[in-house]
1. Determine the gain in length on full extension of the stretch Asp29-Asp115; use 0.36 nm per residue of separation and subtract their C-alpha separation, reporting nm with one decimal.
2. Calculate, in nm to one decimal, what Val170 and Glu87 gain on full extension: separation in residues at 0.36 nm each, minus their alpha carbon distance.
3. Determine the shape class of the range 68-178: with a ≥ b ≥ c the square roots of the Cα gyration tensor eigenvalues, call it rounded for a/c under 1.5, and otherwise prolate if a/b is greater than b/c, oblate otherwise.
4. Restricting the calculation to Cα positions, tell me the Rg (one decimal) and the Dmax (whole number) of the chain in Å.
5. Fully extended, how many nm does the chain gain between Arg108 and Arg189 (0.36 nm per residue separation, minus their Cα-Cα distance)?
6. Just to confirm a number: summing +1 for Lys and Arg and -1 for Asp and Glu over residues other than Tyr41 whose beta-carbon lies under 12 angstrom from that of Tyr41, what do you get?
7. For the range 1-107, take every pair of Cα atoms, bin their distances at 5 Å starting from 0, and report each bin as a whole percent.
8. Would you calculate, for the chain, the mean residue ellipticity at 222 nm contributed by helices, counting each DSSP H stretch of 4 or more residues as -39,500 (n - 2.57) and dividing by all residues, to the nearest 500?
Amino acid sequence: MDKLIAGIDFSAPSAEVARQLIGVTLLVDGVGGRIVEAEAYDRTEPAAHSYNGPTPRNFSMFGPPGRSYVYRSHGLHWCLNFVCREEGHGAGVLIRALEPLAGLDAMRARRGLDDGRLLCSGPGRLCQALGVTRAHNNLALAAPPFTLLAREAAAIEVLAGPRIGISKAVELPWRFGLAGSRFLSKPMREA
């Protein structure tokens, strides 16, 4: 399988992939937008679902790079991750926020609101807006329903800071965000 998708080598460490994903367009069945926030996770640190090894819930994190890992957070919201590193390693990138660009009517209907800033600002909101469920787990990112489009040539500023919503390994500066974006789930606090 080709690990290079939208100009990104998904076999690279998750922090590198997360940084490179900022500005990439993500579509699910034609609905989506520009990735403005992502967080890296690796089995070597205790905040990662892969930290204690493979389970029926996280098996896809240990699969080949360039695939999806979808899980339910706190039993409420679906969260979308992109698998990184070599098969068997257990690393991924949580997609935290998008700037909505395509399929806005579908997003508004799924989320039940009109505020464009809140459509995809957070991993649960993003999955609801894009219609991502467990059925999207362990799918290749280089094939439908996913489409990843390389970011435009224009230079962008990517900020790095501590991850949010976790209680372990919070000191790692593995949250990446597009500088100046109003679509982030929470403001960036640089490391």
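Nothing in this text is a laboratory measurement; each read-out follows from the coordinates by a stated rule. Computed from a predicted model, the values in this text were never measured in an experiment. Ideal geometry is used to build each Cβ from the backbone, glycine not excepted, and the neighbour counts take in all protein chains shown.
1. Values: separation 86, 0.36 × 86 = 30.96 nm, distance 2.16 nm.
Difference between extended and current length: 28.8 nm.
2. Working: separation 83, 0.36 × 83 = 29.88 nm, distance 2.58 nm.
Answer, rounded to one decimal: 27.3 nm.
3. Numbers: a/c = 1.28, a/b = 1.20, b/c = 1.06.
The shape class here is rounded.
4. Over the chain's Cα set, Rg and Dmax evaluate to 15.0, 42 Å.
5. Details: separation 81, 0.36 × 81 = 29.16 nm, distance 2.90 nm.
This chain segment gains 26.3 nm when fully extended.
6. Values: positive: Arg43, Arg85, Arg96, Arg163, Lys168, Arg175; negative: Glu39, Asp42, Glu45.
Once positives and negatives cancel, what remains is +3.
7. Over the range 1-107, the share of Cα pairs per 5 Å bin runs 2, 13, 22, 25, 19, 12, 5, 1, 0 percent.
8. On the way: 3 runs with 24 residues, N = 191.
Only helices count here, giving -3500 deg cm²/dmol.
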